[in-house]
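Every number here is computed from the coordinates shown, using simple stated rules; none is lab data. Quick caveat: nothing in here was measured; it's all calculated off a predicted structure. FYI the Cβ positions are ideal-geometry reconstructions off the backbone, even for glycines, and counts take in every protein chain you see.
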Amino acid sequence: MIQNVYTRYGIVYIFRLNALMCGDNVQKHILGELEEELLALEEDLICWVDTNIELIRQPLKDMILSGGKRLRPAMVLAASRFGDYNFDKVRQLAVSVELIHMATLIHDDIIDDSPLRRGIPSLQSRLGKDVAVFAGDYVFCKVFELYAFSEHFNLLRIVAKTLHQICEGEIKQREDLFNTDLTFKDYIYRIRRKTAMLFALSAELGARASEASEKAVRALHRYGMYIGIAFQIVDDVLDFSSNNEKLGKPVGADIREGVITLPTIFTLKYSHQKDYLKEILSKGYLDEADAIKAVEIVKNSGGLDYAKHIAERYVYKAQQSIAPLPDIPIKKVLSNISNLIISRNQ
């Protein structure tokens, strides 16, 4: 299978592998145990989004080939090692969670009016918002088709439940725009749904497909949930601390749009400029001067360090969740991934 990947997409995949090995640390550590399987999934992903509709065929393929961390399919494959591991049995599940993630990214870019995704033009900027909506819906539908015609139909109930919770998280985020009264509990509720649920689902699917023990399934589900929460918190920190080139969007994009994340929640409670920040956000719209000032207030408040500390706490919880599991090689990979979530810079 790997040879077929190189034959059909040789230049692309050789480049991609080199990029992974030299780039993001998370991916380098995943590749040690899961390299061949993850490369094989690339061809599967392209096959599953293939369509005779020329308008979206190449853009969808380009989005897949542009890369991504592939953390969610890696989670499926890693979790399945705690049972009777069979790659051919779990590969469709690994594809399914990446397709779900891909569809959510397409829709997120529409909502955010993002011009770029992974360094290339987003579907919405390339095709227009109307076509991009249908393209995202098309990818979602392929997920259901995958389960309907596979041996994993019994897992569709879990997948469907997770999808509606993800939607709830996204809708809750829209409902709470510019809400300066949000609490830590409100924030965790939201990111559990919009981000962490898919990580937890990925781990659970892999464990269940390999018939791991119920104890292992629960432990890996908790691991995925905690990793997903930490991942989103770090993402929210990077929104303030990274640069435009790495983010592909303006620094402070969230607060500009009224999305109140953990660093801002901290600032609104503890900063000596909390009243000024609340006044800015209460307008319901930030011009460029307001946005620059709001970002500056949050960055100077200690909110970024606080959020990193909370992310580290969830990473610790993730590692504790899998501590009782057998000490097989993939367990070390999961531990490494959880640590590297904290240190990523994009």
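Based on Cα contacts under 8 Å between residues 6+ apart, the chain shows a relative contact order of 18 percent. The residue among V298, V259, A311 whose Cα reaches farthest toward the positive pole of the charge dipole of segment 199-315, with charges on the beta-carbon of Lys, Arg, Asp and Glu, is A311. FRET efficiency for the F134 to E168 pair, using the beta carbon distance and R₀ = 25 Å, is estimated at 0.65. Seen from all directions on average, segment 2-343 presents a Cα convex hull projection of 16.7 nm².
Computed from phi, the 3J(HN,Hα) profile of segment 208-218 under the Karplus parametrisation 6.51, -1.76, 1.60 (θ = phi - 60°) reads 5, 5, 8, 6, 5, 5, 4, 4, 5, 4, 5 Hz, with x in place of Gly and Pro. When only alpha carbons are used to place a centre, segment 306-321 and segment 190-267 end up 12 Å from one another. The count of lysine pairs in segment 202-303 that are at least 8 places apart or cross chains, and whose C-alpha atoms lie under 25 Å apart, stands at 17. The dipole here belongs to segment 66-153: it is taken about the Cα centre, uses +1 on the Cβ of Lys and Arg and -1 on the Cβ of Asp and Glu, and is about 360 debye. Between L156 and R218, the simple label model (points 7 Å from Cα in the Cβ direction) yields a spacing of 2.9 nm. Our coupling estimate for segment 82-97, obtained by passing each phi through the Karplus curve with A = 6.51, B = -1.76, C = 1.60 and θ = phi - 60°, is 8, x, 8, 5, 8, 4, 4, 7, 10, 4, 5, 5, 5, 5, 4, 6 Hz, Gly and Pro reported as x. Helical content alone sets the calculated 222 nm signal of the chain at -24500 deg cm²/dmol, taking -39,500 (n - 2.57) per DSSP H segment of four or more residues and averaging over every residue. Among the chymotrypsin sites (Phe, Trp or Tyr not before Pro) in segment 47-151, those located in a DSSP loop and surrounded by at most 15 other Cβ atoms within 10 Å of their own Cβ are F149.
Here the Karplus relation 6.51 cos²θ - 1.76 cosθ + 1.60, evaluated at θ = phi - 60°, turns the backbone of segment 39-48 into coupling constants of 5, 5, 5, 4, 5, 4, 4, 5, 5, 6 Hz, with x for every Gly and Pro.
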